[in-house]
Amino acid sequence: MRNRRIAVLTAGASILALAGCGSDGSGTDTPLGEQQLVYVNYGGEMTAAADKAWLQPFSKETGVSITQDAPVELAKIKAQADAGQVTWDVVTLDPAAGSGACGTLFEKRDPDIDMSAYDPDLVTDDCMLPLYPQAVNLVYNKKIYGDNPPTKITDFMDTQRFPGKRIAFNLASTTLPALLLATGVPADEMYPLDFSRAAKAIDDLGSDFALHADLAAEVEKLTSGDFAMCLCFLGRVEQAVRSTDDIGIVWDGTVRIWTGLYAVKGSRSPQAQQELFRWFSDPERYAPFYDLMAYDTPFADPGVPLPDKFAPYLASAHQDEINESVVYDVKWMRENYDQVLLEWTEMTAG
């Protein structure tokens, strides 16, 4: 039954979106040191971390001037391209969204950029560089559950033993597989996604389930006790626990996803775009980010140890505890975008 409506706690949907064609870059004769870039990500602490770890050092070394904007929206990139007025140059995106527009909205990376250091499973198209892998897990408020906390991801669906409201990010690409894990779907049978099963799970949770379009606010609602459980991005959880010890993580089921870096077509600084890509592809230049944010490495060998202080929030440090682990299927998500979008909208918006 699809006649349902669940709470969405901020305006707008942060669902997976792919785009069509865009404009071509015209190039520039401006020297590299006089070029400018606008770098766009999802905002919050990520903006400050990117600036300190990557953008300031890159600017100091090359002379390229960089400003930031947030949040990233694929629809806005397409609108800029269609209007022939591209103002964003380098953006971070869900790799399924980015790969669907590789060669149309986004430039292919220079073939001489060395990709050999990367985990090859994370390089999903000819335009992107993989950034900060992360995990989505069941996270809970310790105060609410006391001596009887959830211990497996299927406890998310058990509102009798574990009462309380549940929250998740309003993003089909991550919340759908996490929700299906919670219903008992084995990780190796996750794709193709079972939309009917996911819709029934939302129906079963009823008023105990809500979506949110702001990752930081989502975790704040968990720490405040407004919600008891969350299917949360663990990098955001680390930010929350700096001021509280009331958050627990269940490692039984994990959804692994990563972000892609893309160069927007039509930029006035295409040389600077590709030089920034070269910067990111160097594990030593990438490494200062590890000290600022609780994210795993996109490299097969990061070159430096990841900080111990972030180990509680990194899937790579909890392999022995992870029973089921879903790796984001970028190819399937890209090829089935239209159906994913329609089904997600129907099961969450009525």
Q) How do Lys309, Lys165, Lys221 rank by accessible surface area computed with a 1.4 Å probe, from largest to smallest? A) Lys309, Lys165, Lys221
Q: Could you check how many percent of all C-alpha pairs in the chain are farther apart than 37 Å?
A: 18 percent
Q. So for segment 122-210, Kirkwood radius off the Cα pairs, Stokes-Einstein at 20 °C and 1.002 mPa s: how many µm² s⁻¹?
A. 146 µm²/s
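Mind checking the per residue accessible area of segment 70-134 for me, 1.4 Å probe, whole number of Å²? Walk me through the numbers on the way to the answer.
On the way: 2520 Å² over 65 residues.
Each residue of segment 70-134 exposes 39 Å² on average to a 1.4 Å probe.
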Q | With every protein chain in place, the chain: carbon and sulfur % of accessible area (1.4 Å) | A | 47 percent
Q) To the nearest 20 debye, what is the magnitude of the charge dipole of segment 306-350 about its Cα centre, counting +1 on the Cβ of each Lys and Arg and -1 on the Cβ of each Asp and Glu? A) 200 debye
Q) If you place +1 on the Cβ of every Lys and Arg and -1 on the Cβ of every Asp and Glu, how big does the dipole about the Cα centre of the chain come out, in debye to the nearest 20? A) 940 debye
Q. At a probe size of 1.4 Å, how large is the accessible area of Ser207, to the nearest 10 Å²?
A. 100 Å²
Q: Compute from the Cα atoms of segment 53-201 the Rg and the Dmax, the latter being the longest Cα-Cα distance, and quote both in angstrom.
A: 20.4, 60
**Q.** Exceeding the 21 Å Cα-Cα cut-off - candidates Lys52/Lys78; Lys78/Lys108; Lys60/Lys309
**A.** Lys52/Lys78; Lys60/Lys309
Q. What angle do you read, to the nearest 10 degrees and between 0 and 90, between the alpha-carbon axis of helix 215-224 and the longest principal axis of the chain?
A. 30 degrees
Q. Asp158 to Ser224: FRET efficiency via 1/(1 + (r/R0)^6), r the Cβ-Cβ distance, R0 22 Å, to the nearest 0.05?
A. 0.45
Q: In whole Hz, with x marking every Gly and Pro, tabulate ³J(HN,Hα) for segment 129-142 from phi via Karplus 6.51 cos²θ - 1.76 cosθ + 1.60, θ = phi - 60°.
A: 10, x, 10, 4, x, 8, 10, 10, 9, 6, 10, 9, 8, 4
Q) Taking K and R as +1 and D and E as -1, what net charge do the other residues with C-beta under 11 Å from the C-beta of Cys230 add up to? A) +1
Q. How are the C-alpha pair distances of segment 207-350 spread across 5 Å bins, as whole percents from the shortest bin up?
A. 2, 7, 13, 15, 18, 17, 14, 9, 4, 1, 0
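Between Asp112 and Asp147, how high is the FRET efficiency from 1/(1 + (r/R0)^6) when r is the Cβ-Cβ distance and R₀ = 45 Å? Nearest 0.05.
About 0.15, to the nearest 0.05.
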Q.
On a full-extension model of 0.36 nm per residue, what is the gain between Lys52 and Ser65, subtracting their alpha-carbon distance, rounded to one decimal in nm?
A. 3.3 nm
(Q) Using a Cα-Cα cut-off of under 28 Å, which lysines could be cross-linked to Lys200, ignoring same-chain neighbours fewer than 8 residues away? (A) Lys142, Lys152, Lys165, Lys221, Lys331
Q: Quickly estimate the mean residue ellipticity at 222 nm for the chain, helices only: each DSSP H run with n ≥ 4 gives -39500 (n - 2.57), and the total goes over all residues, rounded to 500.
A: -8000 deg cm²/dmol
Q: Might you tell me the accessible area per residue for segment 166-282, computed with a 1.4 Å probe and given in Å²?
A: 29 Å²
**Q.** Sequence-distant residues sharing a close amide H with Phe106 (under 5 Å, placed H)
**A.** Lys265
Q. Taking the Cα atoms only, what angle lies between the long axis of helix 74-83 and the longest principal axis of the chain, rounded to 10 degrees?
A. 30 degrees
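The values are calculated or read from the model by the stated rules, or taken from the named source; none is laboratory data. Since we're looking at a predicted model, the values are computed, not measured. Counting neighbours? That spans all protein chains shown, and the Cβs are built from the backbone with ideal geometry, glycine included. Accessible surface areas use protein heavy atoms only, side chains included; no ligands, DNA or RNA. Shrake-Rupley method; radii C 1.70, N 1.55, O 1.52, S 1.80 Å.
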